[in-house]
Amino acid sequence: MAKPVHSMIRVFDEQRSLNYYSKAFGLEPADRIAFPDFTLIYLRHPSSPFELELTVNADRTEPYQLGDGYGHLAVVVDDLAAEHARFAREDLAPGPLRELQHGGAVLARFFFATDPDGYKIEVIQKGGRFG
């Protein structure tokens, strides 16, 4: 049986990304492995063993182009409205609060945030299938 352990994204500015993920989602470095040409930083939240792997390439001179194939990461929160307000207060530029319905029932309440490299993170109200 396969167990998901991490998702990787390439980032341009290590410190800017570390600051963002700490401030926005409480993710902190669990490990940092430096190689001659790149560095891997594994971020984790105390509530989950799943990690976000940041890859920083040493020779990169300009931001990455995300292309049209990237989707998003997703996190759940206990109080979506409070998190949305916190993101706004802390200048983390949250997108609008949204609601996805299916068959006349609410499937999810959420908003999107965007990290310094342009990656989207969906912030979902905990509950239902996202419990």
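The values are calculated or read from the model by the stated rules, or taken from the named source; none is laboratory data. None of these values were measured; they are calculated from a predicted model. Every residue, glycine as well, gets a Cβ built from its backbone with ideal geometry; the counts of neighbours run over all protein chains shown.
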For this session: Taking Ala88 as the residue in question, decide whether it is under 17 Å from the mean Cα position of the chain (by Cα), more than 23 Å from Pro4 (Cβ to Cβ), of a type in the set (Gly, Ala, Ser) and loosely packed, with under 13 Cβ neighbours inside 10 Å.
Result: yes
For this session: Taking Val106 as the residue in question, decide whether it is over 14 Å from the mean Cα position of the chain (by Cα), outside any loop (DSSP other than H, G, I, E, B) and under 17 Å from Val11 (Cβ atoms).
Result: no
Exercise. So, in segment 21-59, of the ones that are assigned to a strand (DSSP E or B) and of a type in the set (Gly, Ala, Ser), which residue ends up farthest from the chain's Cα centre (by Cα)?
Worked result: Ala34
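Here is a check on your reading of the model: is Thr55 β-branched (Val, Ile, Thr), modelled with pLDDT of 95 or more and not assigned by TED's automatic domain parsing to the domain that holds Arg10?
Spelling it out, it is not the case that Thr55 is β-branched (Val, Ile, Thr), modelled with pLDDT of 95 or more and not assigned by TED's automatic domain parsing to the domain that holds Arg10.
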Problem set entry | Selection count where residues are modelled with pLDDT of 95 or more and touching an Asp or Glu at 6+ places or on another chain (Cβ under 9 Å), scope segment 98-108 | 0
For this session: All but one of (1) part of a strand (DSSP E or B); (2) touching a Phe, Trp or Tyr at 6+ places or on another chain (Cβ under 8 Å); (3) surrounded by fewer than 14 Cβ atoms within 10 Å (Cβ to Cβ) hold for Ala93, so report the exception by its number.
Result: (1)
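Restricting the search to segment 76-89, which residues are of a type outside the set (D, E, K, R), in contact with a strand residue (DSSP E or B) (Cβ under 9 Å, 6 or more places away or on another chain) and either farther than 17 Å from Asn19 by Cβ or not assigned by TED's automatic domain parsing to the domain that holds Ala108 (or both)?
Val76, Val77, Leu80, Ala81, His84
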Problem set entry | Residue, surrounded by the fewest Cβ atoms within 10 Å (Cβ to Cβ), within segment 96-131, restricted to residues that are aliphatic (A, V, I, L, M) and more than 26 Å from Leu54 (Cα to Cα) | Ala105
Exercise. Looking at (1) surrounded by 13 or more Cβ atoms within 10 Å (Cβ to Cβ); (2) part of a strand (DSSP E or B); (3) among the aliphatic types (A, V, I, L, M), which is the only condition Leu66 fails?
Worked result: (2)
Exercise. Among the residues of segment 10-20, is there at least one that is outside any helix (DSSP H, G or I) and surrounded by fewer than 16 Cβ atoms within 10 Å (Cβ to Cβ)?
Worked result: yes
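Quick check on my filter: what residues within segment 90-126 are among the small types (Gly, Ala, Ser) and either touching a residue at least 40 places away in the same chain (Cβ under 8 Å) or outside the structural domain of Asp78 (by TED's automatic domain parsing) (or both)?
If the condition is that a residue be among the small types (Gly, Ala, Ser) and either touching a residue at least 40 places away in the same chain (Cβ under 8 Å) or outside the structural domain of Asp78 (by TED's automatic domain parsing) (or both), then Ala113, Gly118 are the ones that fit.
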Seminar exercise, completed: In segment 21-52, residues that are under 20 Å from Val76 (Cβ atoms) and surrounded by 11 or more Cβ atoms within 10 Å (Cβ to Cβ) total 16
